[in-house]
Each structure stands twice: as structure tokens, then as C-alpha cells.
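Please read the structure below before turning to the comments.
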Ligand code: ADP
């Protein structure tokens, strides 16, 4: 159920990517930009009526509906125990819906589609050391695409592009555990980007980062042409990176709207045990 007092999302769903005007009349109606523009865009992420309880009976998701358009950046806010991690673990099929459905770019998250879904949804967990286990940065970043069959120069190009995207190309030959925490987090993001996901999900990306590393990470993430879901307790960061935010509490989405409006509603935040840093004014940010 959506909180009636909550901001509603308006105009946040971008249409299909702009298509250059064709010089020749389109022969295939499906390739005609006018036809494409009239088609409803398939959401990058679609969650409908999702319910999930753990084996001990604890209800973690009590009917979640969420649609995220391609290229949107959405913050997922909520107190501890709200169901955020459980929701994220449904996006790549680690958990299976007990009720409802999840689809990525129109493809159902279902057993038959899991290899494809897991390439298309990259999840970066809170602790980068959970994702880095090889002896060099290069090998960690190459692991996913090599496993998918990429080899030789193509694999090297893929690794270089992922490392460049996170500003870590110079550390290609380094040992991950010799890097700073912020650098390890960026390499962990590169390990996921190397598989060219459509959707990148980050769990508490600013946890344990100093201000400089936080800034560098913001620049990296804001520069990616990707659909981004960011689970965070860092409300100023949510505002900086994500035009849209949702609040999840007790397994339900209770607010969904422009991040600035959600963070400007202190009663709404307090009702969900969310607090801005003292002196932080979202209207001035
Ligand atoms: P969040 O990520 O918002 O902190 P979670 O998705 O981790 O929330 O948890 C949602 C609810 O499910 C909480 O009540 C939590 O205690 C419960 N939960 C999470 N993982 C398990 C588990 N493995 N077994 C039983 N209950 C769990």
C-alpha cells in the first residue's frame, strides 16, 4: 500500500531512447521511430505484488510493486529490517517470489532465465572483499566475462573498459588487498560492470568511505549509462545521485517520488525511522 501523503512519481519514466530521424522512409514498421515512440517502454525492472517470507515465517516482503525505467537512478531507503536486501536478492533470482513476479527488461526472473538474468543484473554487495578473491585486479574483473566465454583481446578490452569506467585502469596489475577500501569498492563495481549488466544494484555504496572516496564514487556512478538501484541509509548521497527514491518499510513501498520531495518531508522520514544529518537541508543541496 502506498502512503497517501507520500509524493507520487510524476514524469519520471523516460520514453524510449531518442532515435535519429531516418533519411529514408522506414520499410519495417517496427523500426519506424514514430511506431517505437508510441510503444509503452518496457521497464528495466518490474516488481509486481512481490511477497516473501523466510522459512521461520518472518514476512520480509508483503506485496511490493516497483517499476523502474531504463536509465533511471532510484534510491531504496528504509530502516533496518525493512526488506531491502530481500528485495534486492529477488532481482537476480537468489530468492524466488512466493507471490507476485519480477522481470528485468521484460524477461521474467525464473529458473529457465537465470543465466541471462544474472548477466543483466549486477549486484555490488556492501563488503567489496566478498567480491574480490583473485590475486590481481585484472583477474578479478576478468572472472565474470571469462566464465561467460570471452577470451584473448576481447576479454582484455572488456576488462580495460570496466576498469576505466571506475577510474582504476592504472591498478590493473595490483593485488586487490593492497588497495584502499574505496579503491576495492570501485574494483568490485568493475567486476560487475565487466559483464555489461543492464541494471546495477548497489548495497550501501558509501559505507566506510572517506569524503574523497565518496566523491570519487559519486562521479563514477553518475557517469555510468545504466539503470541504477542504490540501497542506502546515506540520505544526502541518495539526493545527490538519485532523482527518485522509494521508502520500503515492513515489506511494503510506502513512498515513491522525487528524492528532494521525499527528503523534504521530515514527518514522512521520521515515520520510517529515517533522519537527515543535523543541519542538512535538502532544498539547499
Ligand atoms: P533490510 O535489508 O531492509 O535490513 P532484510 O531484507 O535483511 O531487511 O530483512 C527483512 C526481514 O526479514 C527482517 O525482519 C529480517 O530480520 C528478516 N530476515 C532477513 N534474512 C532472514 C533470514 N535469513 N531468515 C529469517 N529472517 C530473515
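Would you call residue 106 more than 25 Å from residue 204 (Cα to Cα) and touching a residue at least 40 places away in the same chain (Cβ under 8 Å)?
Yes.
Answer yes or no: is there a residue in the stretch 47-58 that is in contact (Cβ under 8 Å) with a residue 24 or more places away in the chain, surrounded by fewer than 22 Cβ atoms within 10 Å (Cβ to Cβ), under 24 Å from residue 192 (Cβ atoms) and more than 8 Å from the ligand (Cβ to nearest atom). The answer is no; no qualifying residue exists.
How many residues, within the stretch 100-154, are out of contact with any helix residue (DSSP H, G or I) (no Cβ under 7 Å at 6 or more places or on another chain), within 21 Å of residue 70 (Cβ to Cβ) and in a strand (DSSP E or B)? Residues flagged as out of contact with any helix residue (DSSP H, G or I) (no Cβ under 7 Å at 6 or more places or on another chain), within 21 Å of residue 70 (Cβ to Cβ) and in a strand (DSSP E or B) within the stretch 100-154 amount to 3. Going through (1) under 13 Å from the mean Cα position of the chain (by Cα); (2) within 14 Å of the ligand (Cβ to nearest atom); (3) at pLDDT 95 or above; (4) under 27 Å from residue 144 (Cα atoms) one by one, residue 125 falls short only on (3). Residue under question is residue 246, and the condition is that it be under 28 Å from residue 105 (Cα atoms), touching a residue at least 40 places away in the same chain (Cβ under 8 Å) and within 16 Å of the chain's Cα centre (by Cα); does it hold? So residue 246 passes the test.
Criterion first (more than 15 Å from the ligand (Cβ to nearest atom), more than 30 Å from residue 275 (Cα to Cα), surrounded by 16 or more Cβ atoms within 10 Å (Cβ to Cβ) and at pLDDT below 95) does residue 165 satisfy it?
yes
Output the number of residues of the stretch 249-271 satisfying the condition of being under 14 Å from residue 232 (Cβ atoms) and either more than 21 Å from the chain's Cα centre (by Cα) or within 15 Å of the ligand (Cβ to nearest atom) (or both). Lay out the reasoning, then the answer.
We begin by selecting, within the stretch 249-271, every residue under 14 Å from residue 232 (Cβ atoms); these are 259, 262-263, 269.
Those left that are additionally either more than 21 Å from the chain's Cα centre (by Cα) or within 15 Å of the ligand (Cβ to nearest atom) (or both): 269.
Here the count works out to 1.
Listed by first and then second residue, the pairs linking a residue in the stretch 201-218 that is in contact (Cβ under 8 Å) with a residue 60 or more places away in the chain to a residue that is buried (at least 20 other Cβ atoms within 10 Å of the Cβ) and in a loop (DSSP other than H, G, I, E, B), with Cβ atoms under 6 Å apart and 6 or more places separating them unless they lie on different chains, are 204/232. Summed over the stretch 159-181, the residues that are under 19 Å from residue 145 (Cα atoms) and not in a helix (DSSP H, G or I) give a count of 4.
Filtering the stretch 65-84 to residues that are within 11 Å of the ligand (Cβ to nearest atom) and within 16 Å of residue 100 (Cα to Cα) leaves only 83.
Residues that are free of Cβ contacts under 8 Å to residues at least 12 places away in the same chain and away from the ligand (no atom under 16 Å from the Cβ) occur in the stretch 176-197; there is at least one. Does residue 239 count as within 16 Å of the ligand (Cβ to nearest atom) and either surrounded by fewer than 15 Cβ atoms within 10 Å (Cβ to Cβ) or at pLDDT 95 or above (or both)? In short, no. Restricting to the stretch 268-285, what's the tally of residues that are in a loop (DSSP other than H, G, I, E, B) and surrounded by 16 or more Cβ atoms within 10 Å (Cβ to Cβ)? Total satisfying the criteria: 4. Of all the numbered requirements in (1) surrounded by 21 or more Cβ atoms within 10 Å (Cβ to Cβ); (2) under 30 Å from residue 42 (Cβ atoms); (3) out of contact with any strand residue (DSSP E or B) (no Cβ under 6 Å at 6 or more places or on another chain); (4) modelled with pLDDT of 95 or more, residue 104 misses one, and that requirement is (3).
The values are calculated or read from the model by the stated rules, or taken from the named source; none is laboratory data. Since the structure is predicted, the reported quantities are computational estimates derived from the model, not experimental observations. All Cβ positions, glycine included, derive from the backbone under ideal geometry; neighbour counts span all protein chains shown.
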